[in-house]
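Beneath this line is the structure, given in structure tokens, with notes to follow.
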Amino acid sequence: MTEPKIDIGTEQFPLVDIDDVWVRYNGKWVLKSIYLQCFSGKILGIVGPNGGGKTTLLNVILGTVHPNKGSVKLFGHPPNKNSRLDIGYLPQISHADRSFPVTVIDVVLMGLYNKIGLLHRVNRKSKAEAMALLEKVNMSEQAQMIFGTLSGGQQQRVNIARALASKPKLLILDEPSTGIDSVAQEDFYELLVTLRDEQNMAVIMVSHDIGVITSHADQIACLNTQIHYHGRPDIALPPDIQQKIFGRNLHIMIHDDKCLTCFKRHENHD
Amino acid sequence: MKTMIDLFQLEFIQNAFFAGIMLSLVLAVISFFVILRRLSFISVGVAHSAFGGVALGMLLGISPTLSAIGFAFIVSNAISYIGGKKNLSTDTAIGIFFSLAMALGVIFIGLSDRYNVDLFGYLFGNILAITRQDLIIIAILGCVVLISIFLVFKELLFIAYDRDVALISGIPVAFLDHFFLSLLSLSVVISMKVVGIILVSALLVIPGAAASLLTNRYPSMILVAVSIAVISTIGGLLISYFADLASGATIVVLASLIFFMAFAVSQLKKK
């Protein structure tokens, strides 16, 4: 791949560098020629319809799905077990496990298990560390409550605390607003912005809800098997630069809150 | 002579009680994870696969316990391996291996020219078959299972709670999956003589299931599961001894009654 790459909005070294990645599932291409970069201190939002390959793309970044073609670099290297430790991951909230018998602090402690080590017991120091993480997300008062009894927004804050336990450089969120009311969503995204600014963390979040992503992300990528990459919401790059940055398979367009162009494209792809 | 019989009965009762308590501890702790990880069907499959192992041991004239451990290890790990592949669900893998192991068992018995009366005892449990040697095996292997679970408890809990996040945060999920299934196999095999291959699956499910209805914190859930298992096993042994009923079946019926009571209590609590 000789095509020059230009970092979008920053000269920083990309934490995630996806270069012409193709993934095939059951004889069908679910990801085609994906180029994507993600930088420290930025929130990258990936939007797209359900079945558009969002979760597969996250799995490619996490290294749990291997591309059929193309290369993925995570912190400068192909993803492996060690690079994964620098990622904090928030899965979709699952309502099936509301009765799982763990307290809020148990959930946060799980994030510390790898550090505590196999065969070792949780000690007072780990518990203090977990409490400090809960304070950071303003959930320390609920530490002894059963996790499943919390509201969706509270559960996501606790999940953030767990994800922060490994002091990640990159936070990945899969459909973070599912099951959260709009007031709690605002609080949640404010927390993400604070983390981005205070810890210079990179954040990747995927959602089918474009409104949520556009109001909080620094960069937006639109995914439906292929990526239609958007830069900042209010900037349109000249066509020659578009070509240079995104190559032949990516299309940049002016992005507004409604993103009608983008959704028309999705409909055409479906 | 009478004293001799009394002594014999004392040892028999001792064996039965110690074996019952040890197995209750082991099966209750395993059932805690069986319920949290929704492994009820796999535990039934692994339990039945031990039958193939017992039959092989009888055919070859080696210890049925050893051959059953080997068989259950292979089957449980094969289910986990094949069920983890794309396009195949664990359910399908269990359905295949469960019946394959039983079928092999039937063939092995057919090939064996010695008719073995012990077989019924292995299938449905027979407390009369528990010797001091069995008790020692149950105690040693039971301790191995309990200590192993204790050592990796937090990781097993994490995997049960959120497998994907556990994997990404560096927990050796695949290894622990196989490890847990191996412990499950070991628990099944040491329970064969007391409750039987067919009935042990009930004790791999009921204590955890009933406890999950009564409490929502894991330390108390384990305690409740252990209590239910001990009450069912010891109560079942006593009832079966005095009423002259099959021990394994009596234990399972008692455990099921406790489950129904727990279910009723949980429904009343909801109202």
The protein assembly as shown - charge dipole about Cα centre, Lys and Arg +1 at Cβ, Asp and Glu -1, debye rounded to 20: 620 debye
A correct fewest-to-most ranking of B:Lys193, B:Lys154, A:Lys167 by other Cβ atoms within 10 Å would be A:Lys167, B:Lys154, B:Lys193
Antiparallel versus total DSSP beta bridges in the protein assembly as shown: what percent is that, nearest 5? 50 percent
Alpha-carbon centroid distance for the pair region B:196-271 / region A:26-77, whole angstrom: 48 Å
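Could you put B:Thr65, B:Thr90 in order, starting from the residue whose Cβ has the fewest other Cβ atoms within 10 Å? Provide the component values of the computation, followed by the final result.
Details: B:Thr65 22, B:Thr90 18.
So the residues, fewest neighbours to most, are B:Thr90, B:Thr65.
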Once you have a ≥ b ≥ c as the square roots of the Cα gyration tensor eigenvalues for chain B, tell me rounded if a/c is under 1.5, and otherwise prolate or oblate according to whether a/b is larger than b/c. oblate
Yeah, the protein assembly as shown with a ≥ b ≥ c from its alpha-carbon gyration tensor (a/c under 1.5 is rounded, else prolate when a/b outruns b/c, oblate otherwise) is prolate
Local electrostatic count, A:Gly63, Cβ distance below 12 Å [Lys/Arg +1, Asp/Glu -1]: +2
Might you report the magnitude of the Cβ-based charge dipole of chain B about its Cα centre, with Lys and Arg at +1 and Asp and Glu at -1, to the nearest 20 debye? 680 debye
Please name which of A:Leu31, A:Asn114, A:Leu90 has its Cα lying farthest along the dipole of region A:23-139 towards the positive end, using unit charges on Cβ (Lys, Arg +1; Asp, Glu -1) and the Cα centre as origin. A:Leu31
Along the charge dipole of the protein assembly as shown, Cβ charges K/R +1 and D/E -1, which of A:Phe13, B:Leu245, A:Ile160 sits furthest on the positive end? B:Leu245
Would you mind estimating how fast region B:95-225 diffuses translationally, via Stokes-Einstein at 20 °C and 1.002 mPa s with the Kirkwood radius over Cα pairs, in µm²/s? 124 µm²/s
Region A:104-137 to region B:120-174: how many Å between their Cα centroids? 25 Å
Within a 10 angstrom radius of the beta carbon, how do A:His66, B:His48 rank from fewest other beta carbons to most? A:His66, B:His48
Which distance in nm do the two modelled labels at A:Ser71 and B:Leu245 give, with both placed 7 Å along the Cα-to-Cβ direction? 7.0 nm
Dimensions in Å of region A:164-218 - Rg and Dmax from alpha carbons: 11.1, 30
Are there DSSP H segments in chain B that both extend 30 Å or more along their axis (alpha-carbon positions) and score a mean Kyte-Doolittle hydropathy of at least 0.5? List them, or say none. B:2-36, B:40-60, B:90-111, B:173-195, B:218-243, B:247-270
What is region A:92-167 by shape, rounded, prolate or oblate, if you read a ≥ b ≥ c off the alpha carbon gyration tensor as root eigenvalues and call it rounded for a/c under 1.5, prolate for a/b larger than b/c, and oblate otherwise? prolate
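Bear in mind these aren't lab numbers, they're just calculated from the coordinates by the rules spelled out. All figures in this text were calculated on a predicted structure; none of them were measured in a lab. Note that each Cβ is placed from the backbone with ideal geometry, even for glycine, and that neighbours are counted across all protein chains shown.
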